[in-house]
C-alpha cells in the first residue's frame, strides 16, 4: 500500500497549528469488549421534533431496538460488560456488569418518557465526564453510544471533556446518535466536533434509525465490529503568532513568514494533503462565527494557492466556538 500523508492546519485567533500525519492508515477491527449507553435526559430532550414527536421518545425507541439487535461477542464463551448512564442529571440505570439483554431492556424502558422542560439546565460536558468512573471499571475496547441533541448551556465544554476521555481511555470509541432538530444548529455542531475527535466514531441521525430498520441494523453492525482505519501517527509543529484582528479574516503582512514556512514545507512534500481549519472566539452568534471561521480558513487557502500549493491538496473547514463557552 502506498503511504498516504495528511496534514492539518488550524487557523486560530492566536496560533496556526501545522499537523503532519506520519505513516499510513491500516485497516483494523475495533471490536468492543464493553459498551455503554449514555443518554441525555436534559430539558431540551423533552422538546418536540417537527413531526411532532419528543426527542426522548425517539432516543428510547432507538436504544431499545439497538438492545434487541446487539450480537454476541466474537470471542468464545465471552460476554460484554455493559452499562446504562443518563446525564443532566447523572443517573446510573444499569451498573457496569455482564450484559443481560432483558435487564438492559428493563433499564431502558424505565427512562422517563416525559419531564418538565422549563428551568432545567443542560450540562453536557459534566455528562460526558461522568463516563470516567464507569470506564474505570472496564477493560479492553469500549463502545459508548451517546444519544443526545448536543445542546449545552452550563458546565464545562463537552468537546474538551470528550478529548479528556479519549486521552485517559484510548481504547474507547464514542458513537453518536443525534436527535438534534433543525433548530438545534449549535447542538449539531457540538456533536459533529465530538465525532471528529476519533476516526473510529460513527455519527447517525436518530430519526433515520427510527424510520429505517436497515439503517438501524447497519449501525449495530458498525458499532459492534466493523473494519476501521487505524489513526495515523502525528507530528505537530506550532507556528505561533498567526493572529486575526477581532472580527477580521485578512492575513496581515507580519504573519506571512510563518505561512511561507508552512507553504515551503508543503511544496517539498507533494504527497501531503492538508485541511485548513478556521476558528473564532465565542463572541457573536453561531451563524456569524461559522461564516467568519470559514473566511479565515479560506484566507489561508488562498495564500497557499498563490504560493503554488495545488487546490486538490487542500480542504477548508470553519469551526466556531459556541456562545455557551462565554464567561
For this session: Using the structure shown, decide if residue 83 is in contact with a helix residue (DSSP H, G or I) (Cβ under 9 Å, 6 or more places away or on another chain) and modelled with pLDDT of 95 or more.
Result: yes
Exercise. Could you list, in sequence order, the residues of the range 68-106 that are in contact (Cβ under 8 Å) with a residue 24 or more places away in the chain, in contact with a strand residue (DSSP E or B) (Cβ under 8 Å, 6 or more places away or on another chain) and part of a helix (DSSP H, G or I)?
Worked result: 104
For this session: Starting from residues that are in contact with a strand residue (DSSP E or B) (Cβ under 6 Å, 6 or more places away or on another chain) and over 15 Å from residue 166 (Cβ atoms), keep the ones in the range 139-150 and report whichever is modelled with the lowest pLDDT.
Result: 148
Exercise. Is it true that residue 321 is closer than 29 Å to residue 156 by Cβ, at pLDDT 85 or above, outside the structural domain of residue 152 (by TED's automatic domain parsing) and crowded, with 17+ Cβ neighbours inside 10 Å?
Worked result: no
Exercise. Which residues, counting only those in the range 174-183, are surrounded by fewer than 20 Cβ atoms within 10 Å (Cβ to Cβ) and touching a residue at least 24 places away in the same chain (Cβ under 8 Å)?
Worked result: 181, 182
Exercise. Taking the range 107-146 only, how many residues are surrounded by fewer than 17 Cβ atoms within 10 Å (Cβ to Cβ) and assigned to a helix (DSSP H, G or I)?
Worked result: 3
Problem set entry | Candidates 199, 195 - the one that is under 14 Å from the mean Cα position of the chain (by Cα), closer than 26 Å to residue 73 by Cα and surrounded by fewer than 17 Cβ atoms within 10 Å (Cβ to Cβ) | 199
For this session: Return the only residue of 290, 259 being surrounded by 17 or more Cβ atoms within 10 Å (Cβ to Cβ), under 11 Å from residue 304 (Cα atoms) and in the same structural domain as residue 311 (by TED's automatic domain parsing).
Result: 259
For this session: Might you check whether a residue that is out of contact with any helix residue (DSSP H, G or I) (no Cβ under 9 Å at 6 or more places or on another chain) and at pLDDT 50 or above occurs anywhere in the range 13-23?
Result: no
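The values are calculated or read from the model by the stated rules, or taken from the named source; none is laboratory data. Note that the coordinates shown come from a computational prediction; the quantities given were computed from them, not determined experimentally. Here the Cβ is made from the backbone with ideal geometry for all residues, glycine too, and neighbour counts use every protein chain on show.
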